[in-house]
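The values are calculated or read from the model by the stated rules, or taken from the named source; none is laboratory data. Values in this document were obtained by computation on a predicted structure and should not be read as measured data. Cβ placement follows ideal geometry from the backbone for every residue including glycine, while neighbour counts extend to all protein chains displayed. For the accessible areas, the whole protein counts, side chains as well, though only heavy atoms, and no ligand, DNA or RNA atoms are used. Shrake-Rupley method; radii C 1.70, N 1.55, O 1.52, S 1.80 Å.
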Amino acid sequence: MDQPHQAHEGYRHVGYVLRPDDDLTGVVGPVLRRAVAAGEPVVIACAEPLAGTLLAALGNPGDVRVASPDALQERPPDALAAIGRMVDGELPADGRRLHLVVGPGQLDDWSTWTEVEALLNHVLADRPVDHLCLLGSADAGDRDPDSVVRATHPWLLTEEGTVPNPDYRPPAELLREARRRVAPDPLEATEPDLALIDLDDMRTLRRALNRVLADTALSPDAAQDLVLAIDEVTANAAEHGVPPVDVKLWCSPQRVLCAVTDRGTAFDDPLVGYGPAHGDMAVGGMGLWLARRSVDQLTAGPADESGAGCTVRLVVNS
C-alpha cells in the first residue's frame, strides 16, 4: 500500500522504470492526483511528450508547473545544484510538501546517472519533497535498469503504490564501490607533463598550469575551470593537510589528470564537498564543492599502497 506522505518530514526519493507498454498515467497519475487534491504543488521537469501527457492526465490544474529538464543533465555537481535551486524555488513557505517528477534522463552513461541519483539522497535529505524519478529502460545502458533504480532510491513506485525499497544502498557505500573500479588511472604510470614537488607558491602553480594546459585540447574556459579546481584542492591540502604538497599533471588526447598529494591522512568520505549545498560546509567542504563543479571527476584516497598520505585526483575529459 502507498505510504502516507504526511509521515515523512524530509526527502522521499522514489524510483520507477518506464517500460514501452506501461500505462504511465495509470501508475504515476494517481500519485500526482492525490498531491493536487491535498493542495500540494507539483513540478514536472520532464521532456515532451511526457510532460504534456502527465499534465493532461491531471486535468491541467493551476498548482502544477512544467519546468525545463535541461539543467538536470549536467555533470553531477551542476545537476545537483540545479535540482537544489529548483526545489528551493518551489517549496511552499507554509510547510506543504513539494512533489517533483523528473526523467527519463539523457546522461551519457549509467554511472554518471547513478552518481547523481545516489547523491540526491544526501544533498536534499532535509527538504520536504516527494521526488519521483522516471528511468527509461535504455538509460541504464548495459545495466539492468531495475538494479540501478533499486540501488539509488529508498522508495519504489509500483502498481500497488509507493513502497519502501529493501535493496536501497546508502550513497557513500555506492560511491566508494564505483570509484574503486576506476582507480588507479593508467596515466599515472607514465611521465607527468608537469611535476611541482614541495610546492610553496600558488602563483607558480597557476602559471605552470596555464602554460601546460594551453597546449592541450581543452577549451580556454575548461582550462581555467581546471586551474581553479586545482588551486582550490591545493590550498585545502596546504591548509588542512600535512606538507609538503606535490602537484602532478598528465595530459592525453582523451583527458587531463591532476594528482594533488600531501602527507596527511586520507579522507574516506565520498560525500565531502557535495553539500548539503544550501547549508554549512565542513572544513574544506566549500573548496571541494567549487572544485567538483569545475571537473568531470574528483576522488580522494591514500597516496600509496601503505595508506600513507592523501591524494586528490581531478579529471577533465577532453
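Observations, loosely collected:
- Members of segment 216-238 found to be in contact with a strand residue (DSSP E or B) (Cβ under 6 Å, 6 or more places away or on another chain) and hydroxyl-bearing (Ser, Thr, Tyr), listed by number: Thr216, Thr234
- The set of residues in segment 39-62 being touching a residue at least 12 places away in the same chain (Cβ under 8 Å), open to solvent by 50 Å² or more (accessible area, probe 1.4 Å) and outside any helix (DSSP H, G or I) consists of Ala47 alone.
- Output for segment 195-204, where each listed residue is outside any loop (DSSP other than H, G, I, E, B), touching a residue at least 40 places away in the same chain (Cβ under 8 Å) and open to solvent by 50 Å² or more (accessible area, probe 1.4 Å): Ala195
- For first residues located in segment 302-318 and at negative phi and part of a strand (DSSP E or B), partners that are of a type in the set (Phe, Trp, Tyr) and open to solvent by 40 Å² or more (accessible area, probe 1.4 Å) and lie 6+ apart or on another chain with Cβ distances below 7 Å form the pairs Cys310/Phe267.
- Residue within segment 183-192 that is part of a helix (DSSP H, G or I) and surrounded by fewer than 14 Cβ atoms within 10 Å (Cβ to Cβ) present: yes
- Scope segment 153-162; condition in a strand (DSSP E or B) and either modelled with pLDDT of 95 or more or open to solvent by less than 20 Å² (accessible area, probe 1.4 Å) (or both); matching residues: Trp155, Leu156, Leu157, Gly161, Thr162
- Filtered residues of segment 205-233 (kept if hydrophobic (A, V, I, L, M, F, W, C), open to solvent by 60 Å² or more (accessible area, probe 1.4 Å) and more than 13 Å from Ser294 (Cα to Cα)): Ala214, Ala217
- Filter result (open to solvent by 30 Å² or more (accessible area, probe 1.4 Å) and not β-branched (Val, Ile, Thr)) within segment 63-85: Asp63, Arg65, Ser68, Asp70, Ala71, Gln73, Glu74, Arg75, Asp78, Arg85
- Evaluated against (1) in contact (Cβ under 8 Å) with a residue 60 or more places away in the chain; (2) in contact with a Gly (Cβ under 8 Å, 6 or more places away or on another chain), Thr114 falls short on exactly one condition, (2).
- Positions within segment 66-95 being over 17 Å from Ala51 (Cα atoms) and assigned to a loop (DSSP other than H, G, I, E, B), in sequence order: Glu74, Arg75, Leu91, Pro92, Ala93, Asp94, Gly95
- A residue that is polar (S, T, N, Q), modelled with pLDDT of 90 or more and in a helix (DSSP H, G or I) occurs somewhere in segment 113-124.
- Within segment 130-150, the presence of at least one residue that is touching a Lys or Arg at 6+ places or on another chain (Cβ under 8 Å), surrounded by 20 or more Cβ atoms within 10 Å (Cβ to Cβ) and at pLDDT 95 or above is confirmed.
- In segment 295-316, the residues that are under 22 Å from Glu117 (Cβ atoms) and at pLDDT 90 or above: Val295, Val315
- Residue count for segment 235-272 satisfying the condition of being under 17 Å from Asp200 (Cα atoms), modelled with pLDDT of 95 or more and among the β-branched types (Val, Ile, Thr): 4.
- Residue check, Asp231 touching a Lys or Arg at 6+ places or on another chain (Cβ under 8 Å), modelled with pLDDT of 90 or more and within 24 Å of Ala81 (Cα to Cα): yes
- Residue that is farthest from Gly29 (Cα to Cα), among those in segment 66-99 that are more than 17 Å from the chain's Cα centre (by Cα) and of a type in the set (A, V, I, L, M, F, W, C): Ala93
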